[in-house]
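The structure appears below as structure tokens.
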Amino acid sequence: MNKHEPSYYEATAKNVRDRPQLVGDHSADICIIGGGFTGASAALHLAEAGYQVILLEANEIGWGASGRNGGQICQGHNMGHVDMVSKVGKETADLLWQTSIDSVTMVKDLITKYQIDCDLTAGVLHVASKSRHADEIKEEVHYKRSILQYEGVDFLDAKAVSDKLGTDRYYGGEWYKEGAHIHPLNFALGLAKAAEAYGAKLYDNSAVLEYLDGKNPEVMTAKGRVKCRYLLFACNGYLGHLNGPAARKIMPINNFIIATEPLPEAVADRINPDRIAVADSKFVVNYYRLSRDRRMLWGGGENYSQRFPKDIAGFVKKHMVATYPELGDYHIDYAWGGTLAITLNRMPHIARQQENIFVAHGYSGHGVAMATYAGAIFAKAVQGSLEEIDAFEKLPTRDFPGGTLLRWPGLVAGMLYYSMLDRLP
């Protein structure tokens, strides 16, 4: 079994416990493959509703992207509302927009209801790295406030952004007043603990090797099997070849984070006095925030191979120092990477493959809130409420060209092109 990867989150994790490996034959109403936000949330919501739930995790709960990400919780999807309307009509687009708002509310409510100690902190700022990006962000904020009647965002000019972040690097920004950030691994572990309190059975070291569909799907691991009524694939970037049709909808990509030593309070107060989370407008996004113990947690840089860089700290630190040169003097205590999944339209792929087999993945960088909410969408669908999953299914999620093997060259070429544009004025 792979223990959690060394990271700041792993070093400060709570509610870590050893869970058994699946051994022998079992049956349940629900079988969930994957122990991240989606799987743990689905297990919690369904166990609370009285269903017999078995969750199978190949490593440990929160081992994948759910335990390694930037921890930002924010409204909105990568696809703009106007584009959604053109593809699925206003009614469905409005519902999809609402899911992004409800997902943020759900995360906060779960943290409160189950007293999950995960450093919930208010405020997310999306900053403009270029002047034209500021104009685009300003238009987006106006649209949300005037057309969507959403007052949870404000446009900040360059001076206001500078006051919040102690740098003149940015041209403006979108202030998400209802956004927040968390310790993601502790949130995932908290969801798992809550699910188990309702009777859900969670198994570690239980990688699924194959499955059989049908009226009662069967799932096989190295030492056991589960027969169930409903099956959910919640593996995201770690799906591999387990489910070919689902795997063709997503592309795994790697992203990386560093954590400095704790910064002096005066430095922390100057560069981020309100302790908000930040993401910039580059195609290869930089995202960062201060931890509760004043470490700079900085995410930046992607790669599209199956290997992480040998020197993750050096790979990411250059992005941090470009914005805050003085942080170059502080030691990098932790550096780690993780694998997320994107779709071609950058919208989550939440769908029914068959009447009783579901997939939820491809959150494309919006996984903390939407992955958690996707677990609830699955739970609602099992109980007969299909409105939200129907809405996501109306959005066309095309296969990546070339399938699971030949999709890489095209993606790498495209990503390199856009990363080159990031470096232009």
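Throughout, read-outs are computed from the coordinates displayed, never taken from laboratory work. In this text the structure is predicted, and so the values were computed from the model without any measurement. All Cβ positions, even for glycine, are placed from backbone atoms using ideal geometry, and neighbour counts span all protein chains on display.
The spacing between the stretch 32-71 and the stretch 149-173, judged by their C-alpha centroids, is 35 Å. Full extension of the chain segment joining Lys3 with Lys113 gains 36.8 nm, where the gain is 0.36 nm per residue of separation less the Cα-Cα distance. Relative contact order of the stretch 95-224, taken over Cα pairs closer than 8 Å and 6 or more residues apart, is 26 percent.
Considering only Ala322, Ala246, Ala158, the mean-square fluctuation computed in a Gaussian network model of the chain, springs between alpha carbons under 10 angstrom, is largest for Ala322. Taking a straight line from the alpha carbon of Lys215, these aspartates and glutamates sit under 13 Å away, with near neighbours fewer than eight places off in the same chain left out: Asp29, Glu355. For the set Lys14/Lys113; Lys3/Lys108; Lys108/Lys201; Lys108/Lys177; Lys130/Lys159; Lys201/Lys227, the pairs lying more than 19 angstrom apart at their alpha carbons are Lys3/Lys108; Lys108/Lys201. Sorting Met347, Met79 by the number of Cβ atoms found within 10 Å of their own Cβ, with the fewest placed first, yields Met79, Met347. If you take all other residues with their beta carbon under 13 Å from the beta carbon of Ala379, and give Lys and Arg +1 and Asp and Glu -1, the sum is -2.
Of all DSSP beta bridges confined to the chain, the antiparallel ones make up roughly 65%. Size check on the stretch 177-274: the Cα extents along the three principal axes, sorted descending, read 61, 35, 30 Å. Tell me the relative contact order for the chain as a rounded percent, counting alpha carbon contacts under 8 Å between residues six or more apart. Here the relative contact order equals 24 percent. How would Lys223, Lys164, Lys138 line up from fewest to most surrounding beta-carbon atoms within 10 angstrom? Neighbour counts put them in this order, fewest first: Lys223, Lys138, Lys164.
From the square roots a ≥ b ≥ c of the eigenvalues of the alpha-carbon gyration tensor of the stretch 1-148, which class results: rounded (a/c under 1.5), prolate (a/b over b/c), or oblate? Prolate shape, in that a/c is at least 1.5 and a/b is the bigger ratio. Mean sequence separation of contacting Cα pairs (under 8 Å, at least six apart), scaled by the length of the stretch 1-94, corresponds to a relative contact order of 30 percent. Each of Leu189, Leu95 was scored by other Cβ atoms within 10 Å of its Cβ. Listed from fewest to most, they are Leu95, Leu189. For a 4.7 Å threshold on C-beta separation, the list of partnerless cysteines in the chain reads Cys74, Cys118, Cys235.
Along the axis of the charge dipole computed for the chain (Cβ charges of +1 for Lys and Arg, -1 for Asp and Glu, origin at the Cα centre), the listed residues Met106, Cys235, Pro184 are led at the positive end by Cys235.
Note on Gln21/Lys159: beta-carbon distance plugged into 1/(1 + (r/R0)^6) with R0 of 41 Å gives a FRET efficiency of 0.15. A straight Cα-to-Cα reach below 26 Å connects Lys87 with the lysines Lys138, Lys144, Lys249, Lys282, Lys380, Lys394, residues fewer than 8 places away in its own chain not being considered. Where only DSSP H runs of four or more residues are counted, the chain gives -11000 deg cm²/dmol as its mean residue ellipticity at 222 nm, each run worth -39500 (n - 2.57). Note on Asp329 and Arg346: their simple-model spin labels are 3.8 nm apart, each label 7 Å out from Cα toward Cβ.
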